[in-house]
Amino acid sequence: MSASFRISGKGRLTQARTARFTFDDKAYSGLAGDTLASALLANGVHLVGRSFKYHRPRGILSAGAEEPNALVGIHRDAARKTPNVRATVQELYDGLTAVSQNRWPSLSFDVGAVNDVASPLFSAGFYYKTFMWPKAAWKSLYEPKIRAAAGLGVSPDLPDPDHYAARFAHCEVLVLGGGAAGIAAALAAAETGLRVILCDEQAELGGALRFESGSTIDGRNGWDWAQAAIARLVAMDNVRVLPRTTAFGYYAQNFVGLVERVSDHLQSPDPDLPRERLWQVRAKRVVIATGAIERHMVFADNDRPGVMLASAARAYLNHYGVAVGRNVGVYTANDSAYAAAIDLKKAGVNVAAIVDLRDNPAGSVIDEARALGIEIHGGRAVVRVGGKLRVNSMTVQPKNGGGERTIPVDAVLMSAGWTPSVHLFSQSRGKVAFNDEVKRFLPGTYAQDCISAGACNGTDGLSACLDEAYAAGAKAAKEAGGKAAKPAKPKVEASESWSRGMLGAAPGAGSGTTVKAFVDFQNDVTAKDIRQAVHEGMRSIEHVKRFTTNGMATDQGKTSNMHGLAIAADELGKQIPEVGLTTFRAPYTPVTFGAIVGHARGKLFDPTRRTTTHGWAERNGAVFEDVGQWKRAWYFPKEGEDIHASVNRECVTVRKAAGLFDASTLGKIEVVGPDAAKFMELLYTNPWEKLEVGRCRYGVMLREDGFIYDDGVVGRLAADRFHVTTTTGGAARVMNHMEDYLQTEFPDLNVWLTSISEQWAVIAVQGPNSRKIIEPLVEGIDMSDAAMPHMSVREGKICGVPTRLFRMSFSGERGFEVNVPADYGEAVWEALWAEGQKHGACTYGTETMHVLRAEKGYIIVGQDTDGTVTPNDAGLDWVVGKKKTDFVGIRGLRRPDLLARGRKQLVGLKTKDPNTVLEEGAQIVADPKQPIPMKMIGHVTSSYWSENCGRSIALALVAGGRGRMGETLYVPMPDRTIEVEITGMVFFDEKGEHLNG
Amino acid sequence: MLLIHCPYCEEERPELEFRNAGEAHIARPANIVAESDEDFEKFFFIRANTKGLVYERWRHVHGCARFFNAVRDSVSDKFIMTYKAGEPKPKKLPGAGK
């Protein structure tokens, strides 16, 4: 009895090529080339899911990407569980495992369906009204419950094991959509020899020719013509045909995002294949040939399994050879559903009746249907259907009321007409215009170099579509620089026409009724909900949409938008264009995170920067911390040491003997040229012209508003050459800041800037023994105090390689920073470490560096300053050259607010209890007994345990801080209030004797 | 993603290579110290933020690293034209007068 709805002799699939699959653990058999939907229908399965809000049983509505109902989970293995896959798009493969969603305990008996009975509680806007009180319950109670009850599939809980590829592509003509129009446009453009890309979301291109049995082009059946045309295009070197590829987003300047599903249709994909491939295509011209989507009829219980779009039933018959029922009814407001009825009737399916809303339908298809003996009920409506898990009857009534008649059926095919797919046109920022005659929104004003052709442009009939599309393809190619195409235009010998239809609620579901006539199946929005939104005051379609959630599901309202709009307009008593259309946004259909992210995940998410001693530090037990993209050694614990023990030991060792520290991450910029000093004068607050060659100076850089931007030690290597250091985090932006001024404000200065951050490795050797450690390795530099005092720089050699040797200190001890070309960083480090061990040195990391500098009151820009701190606030007034007439920030510093009294100033803090270490960021108040909210007068910027001081130390920004020396202030914490005393910023060696110690 | 024509490289490159650097044609006063508070406020803090044509600075940061100016439509995002830093505002824009 398997595949009992497969009709032999119908469809294009091969009967012998079977594929087994399971749905909710039940085994079925389908054919290669089936979609999951067609295979289920072949087995007589219509019930495939439960709806979002009411948990109503749902079937298969469509045969394509617009599907709102038939969403299932596809499970390949423990990690590969994809939720919300449209069964109408998923291609069948042998062994496919599918499960239904949003139901418990089973699909046919779902406890959540109580929501359907209780639906008056869940009408439009119920979230906004019902769960307002008490406010605190929203987070703890309502939201989790709602999230558990509503919703669709379940996300996989393991990391995605697949990989995703990405490709950039350029072409002259990109054709979106591979139906008859898209193929014709691609043929015309391809003949010019230009680069053409043609993409389509289906596995096989051909669009509506898949089901249109009555079309003949160039003497052959439409589908066969399409396949032959595609084969021709594929064989051309200048053409790329991308099946299974959805154009999901149309961005600026003809930049179009495509996602190609590479392996989801394969039984056991080659692990080397990506699952999906993101194409980012830049096209000179784009031809939009996205076709049209059939609308459903809006009537009571139109969501029952077995009720589906007429064109879908036709596709299942003509392409897949599947009858969607044995005794079908048809409900329509236009001609195209007749063709479905005729095809089914000819295939031996009983057509119980065609119910047509139009009073006297006439024309060739109507005549043909009548000739086949199909009953036609004109001027009548289907007011409801019977059956719950599957439709079993339709009830017909004259459209203006009167006697009802119930006809038994096992499927209902419906068509309210066709909506042109203007999604991508609208995404391109083109403006749609409402055509009142045909009641459709069509492409109006173009914003980009694109052209719409075929059904998406409102063109009816295959012949007209092909003519228009061929001309569009030729025009696009010509505008993109191609030669005129030779006239090899396809000739249409027979075609079908999709005439008009109706918008909005059908009779029986109109104003004043409360039946469940669904407009948006995926979000469970009924005609009544939309009317209710209008009654509750929503006037704009944007408000109606958000209040009802109509069109906001993952199907993006492909079937529902126009109906919703028409119902709202009707209820408002306005014309459709006055109510307006909601904006279409990317993506057209859901796109996986994997496709967007591509390879940029895990270790490839962000670059990792390592210094030259990284490997040595790793081998020697360093613990690392992330500083921007850098990995920096944080501390070097010995066996049994935690961070505190390690840092305490390192801090003491540096001050007693010496320590080695990798400072390579510092930003370094070489400022060179005849005007280098002049440039430095303008970019830094300090004076530079008189700095002697071979000397260094601590420089502070401001923004034009007067606030500290960066700092660092600068060495003058020659009259025209400065070696500038910046903070680690500031390296790139300082370079940008300097370039900006040099290029745009001071372009007359003859200066060249070079980033040398990665060219020089920097090894800081700090402590009383530092000179003894370095001296034996150095050639050509006299390191005596007389020859090389604190804050000087010398060039020479160390370990036989060039060095820029700075005598400087960020620890307060006698110190040096050894710059060597990065290639020699690790070797020189090892040589210095060998010397260091003879003199009791340790290696230390960033934590010890921070503690040592805080003991000396040296600031860290970005930690002790926050973009609102002036040099004066930071206690650094001395860095501002008093005689200078210009530098960046000079005017900003004189702004009234920056000169006002009571500004926050950087000071030291000592806790009354020396063992209490404050939290960085903690707020400071003057009176801890004041009512909450308290007046906060400052905050802690740096705070550490100082083993060298035997107590905790901290820096803080406090209002009027320097005028409060000795005052007691308070730091309120959740569990207690901490008393602190305001002190100076230097906690260790106040006289600075250790610099030469 | 926009395509931006770098007037130094003389070719269109993708937006990823560039970084916006704020409004253009705001020159730092030659004698900035002498500026009044009001004039300094206008110079440093106040920006036009026009709806329509805007004059902006951009930097080809992942390319030639040069700063340059651009005329752009803030409604459509489109670049009308780009020109080198230091050049005056263009008198005629391409496509103007139609």
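A single entry from A:Ala900, A:Ala956 fulfils the requirement of being of a type in the set (A, V, I, L, M, F, W, C), surrounded by fewer than 16 Cβ atoms within 10 Å (Cβ to Cβ) and without any contact (Cβ under 8 Å) to a residue 60 or more places away in the chain: A:Ala900.
Scanning segment A:601-652 for residues that are in contact with a helix residue (DSSP H, G or I) (Cβ under 9 Å, 6 or more places away or on another chain) and of a type in the set (Val, Ile, Thr) gives A:Thr611, A:Thr612, A:Thr613, A:Val623, A:Val627, A:Ile643, A:Val647.
Within segment B:8-21, being part of a loop (DSSP other than H, G, I, E, B) and either under 12 Å from the mean Cα position of the chain (by Cα) or within 13 Å of another protein chain (Cβ to nearest Cβ) (or both) holds for B:Tyr8, B:Phe18.
For A:Ala533, state whether it is over 31 Å from the mean Cα position of the chain (by Cα), hydrophobic (A, V, I, L, M, F, W, C) and either in the same structural domain as A:Glu67 (by TED's automatic domain parsing) or within 24 Å of A:Leu152 (Cβ to Cβ) (or both).
Criteria met by A:Ala533.
Among residues of segment A:819-848 that are buried (at least 16 other Cβ atoms within 10 Å of the Cβ) and in a strand (DSSP E or B), those with a Cβ under 6 angstrom from a residue that is of a type in the set (A, V, I, L, M, F, W, C) and at pLDDT 95 or above, sequence gap 6+ or separate chain, pair up as A:Asn819/A:Trp760; A:Asn819/A:Val762; A:Val820/A:Ala761; A:Val820/A:Val801; A:Val820/A:Val828; A:Thr843/A:Phe636; A:Thr843/A:Leu660.
If a residue has to be part of a loop (DSSP other than H, G, I, E, B) and surrounded by 15 or more Cβ atoms within 10 Å (Cβ to Cβ) to count, how many in segment A:343-366 make the cut?
So in segment A:343-366, the residues part of a loop (DSSP other than H, G, I, E, B) come out as A:347-349, A:357-363.
Subset that is surrounded by 15 or more Cβ atoms within 10 Å (Cβ to Cβ): A:347, A:349, A:357-358, A:361.
The qualifying residues number 5.
Inspection of segment A:907-927 identifies at least one residue that is surrounded by fewer than 15 Cβ atoms within 10 Å (Cβ to Cβ), under 45 Å from the mean Cα position of the chain (by Cα), free of Cβ contacts under 8 Å to residues at least 60 places away in the same chain and more than 13 Å from chain B (Cβ to nearest Cβ).
Number of residues in segment B:34-57 that are facing another protein chain (nearest Cβ under 8 Å) and either under 14 Å from the mean Cα position of the chain (by Cα) or surrounded by 13 or more Cβ atoms within 10 Å (Cβ to Cβ) (or both): the value is 4. Annotation: A:Gly373 fulfils all but one of (1) more than 22 Å from A:Trp418 (Cβ to Cβ); (2) in a loop (DSSP other than H, G, I, E, B); (3) within 44 Å of the chain's Cα centre (by Cα); the unmet one is (3). Can you confirm whether segment A:384-400 contains a residue that is surrounded by fewer than 17 Cβ atoms within 10 Å (Cβ to Cβ), farther than 30 Å from A:Arg50 by Cα, modelled with pLDDT under 95 and touching a Gly at 6+ places or on another chain (Cβ under 9 Å)? Yes, segment A:384-400 contains a residue that is surrounded by fewer than 17 Cβ atoms within 10 Å (Cβ to Cβ), farther than 30 Å from A:Arg50 by Cα, modelled with pLDDT under 95 and touching a Gly at 6+ places or on another chain (Cβ under 9 Å).
Among strands (runs of 3 or more DSSP E) entirely within segment A:664-734, having at least 3 residues that are within 22 Å of A:Arg853 (Cα to Cα) singles out A:696-702, A:708-718, A:721-726. Filter segment A:704-748 for residues that are more than 14 Å from every other protein chain (Cβ to nearest Cβ) and either charged (D, E, K, R) or out of contact with any strand residue (DSSP E or B) (no Cβ under 8 Å at 6 or more places or on another chain) (or both) and give the result. Across segment A:704-748, the qualifying residues are A:Asp710, A:Asp711, A:Arg716, A:Ala718, A:Ala719, A:Asp720, A:Arg721. In summary, A:Glu493 fulfils each of the numbered conditions (1) assigned to a loop (DSSP other than H, G, I, E, B); (2) touching a strand residue (DSSP E or B) at 6+ places or on another chain (Cβ under 9 Å); (3) of a type outside the set (A, V, I, L, M) with the single exception of condition (1). Looking at segment A:294-308, can you tell me whether even one residue there is part of a loop (DSSP other than H, G, I, E, B), more than 14 Å from every other protein chain (Cβ to nearest Cβ) and surrounded by fewer than 22 Cβ atoms within 10 Å (Cβ to Cβ)? Checking segment A:294-308: not a single residue is part of a loop (DSSP other than H, G, I, E, B), more than 14 Å from every other protein chain (Cβ to nearest Cβ) and surrounded by fewer than 22 Cβ atoms within 10 Å (Cβ to Cβ).
Condition check ((1) at negative phi; (2) in contact with a Gly (Cβ under 6 Å, 6 or more places away or on another chain); (3) aliphatic (A, V, I, L, M); (4) not assigned by TED's automatic domain parsing to the domain that holds A:Ile217) across all residues:
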{"site": "A:Glu437", "(1), (2), (3), (4)": "yes, no, no, no"}
{"site": "A:Arg440", "(1), (2), (3), (4)": "yes, yes, no, no"}
{"site": "A:Gly444", "(1), (2), (3), (4)": "yes, no, no, no"}
{"site": "A:Ile451", "(1), (2), (3), (4)": "yes, no, yes, no"}
{"site": "A:Asp460", "(1), (2), (3), (4)": "yes, no, no, no"}
{"site": "A:Leu466", "(1), (2), (3), (4)": "yes, no, yes, no"}
{"site": "A:Ala472", "(1), (2), (3), (4)": "yes, no, yes, no"}
{"site": "A:Lys478", "(1), (2), (3), (4)": "yes, no, no, no"}
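Of the set (1) in contact (Cβ under 8 Å) with a residue 60 or more places away in the chain; (2) part of a strand (DSSP E or B), all apply to A:His939 but (1).
Taking the condition in the same structural domain as A:Gln427 (by TED's automatic domain parsing), in contact with a helix residue (DSSP H, G or I) (Cβ under 6 Å, 6 or more places away or on another chain), assigned to a loop (DSSP other than H, G, I, E, B) and closer than 26 Å to A:Val281 by Cα, does A:Leu194 pass?
Here the answer is yes, as A:Leu194 does meet what is asked.
Note on segment A:254-293: residues that are farther than 29 Å from A:Met562 by Cα and either within 14 Å of chain B (Cβ to nearest Cβ) or aromatic (Phe, Trp, Tyr) (or both) total 7.
Pairs linking a residue in segment A:642-665 that is over 17 Å from A:Trp833 (Cβ atoms) to a residue that is part of a loop (DSSP other than H, G, I, E, B) and among the hydroxyl-bearing types (Ser, Thr, Tyr), with Cβ atoms under 7 Å and 6 or more positions apart or on different chains, are A:Thr665/A:Thr611; A:Thr665/A:Thr728. Among the residues here, B:Ala65 qualifies as within 12 Å of chain A (Cβ to nearest Cβ), part of a loop (DSSP other than H, G, I, E, B) and surrounded by fewer than 16 Cβ atoms within 10 Å (Cβ to Cβ). No other residue among A:Val383, A:Val412, A:Val391 is assigned to a loop (DSSP other than H, G, I, E, B) and within 48 Å of the chain's Cα centre (by Cα) apart from A:Val391.
For segment A:202-229, the tally of residues that are aliphatic (A, V, I, L, M), under 38 Å from the mean Cα position of the chain (by Cα) and part of a helix (DSSP H, G or I) stands at 4. Only one of the numbered conditions (1) of a type outside the set (A, V, I, L, M, F, W, C); (2) over 19 Å from A:Arg976 (Cα atoms); (3) in contact with an Asp or Glu (Cβ under 6 Å, 6 or more places away or on another chain) is not met by A:Lys910, and that is (2).
So for segment A:890-897 (the condition being modelled with pLDDT of 95 or more, buried (at least 22 other Cβ atoms within 10 Å of the Cβ), farther than 24 Å from A:Gln759 by Cα and outside the structural domain of A:Val724 (by TED's automatic domain parsing)), does at least one residue qualify? Checking segment A:890-897: at least one residue is modelled with pLDDT of 95 or more, buried (at least 22 other Cβ atoms within 10 Å of the Cβ), farther than 24 Å from A:Gln759 by Cα and outside the structural domain of A:Val724 (by TED's automatic domain parsing).
Every condition in (1) part of a helix (DSSP H, G or I); (2) within 14 Å of another protein chain (Cβ to nearest Cβ); (3) out of contact with any strand residue (DSSP E or B) (no Cβ under 6 Å at 6 or more places or on another chain) holds for A:Arg771 except the one numbered (2).
The values are calculated or read from the model by the stated rules, or taken from the named source; none is laboratory data. Remember, it's a predicted structure, so these values are computed and weren't measured experimentally. Neighbour counts run over all protein chains shown; Cβ positions are idealised from the backbone, glycine included.
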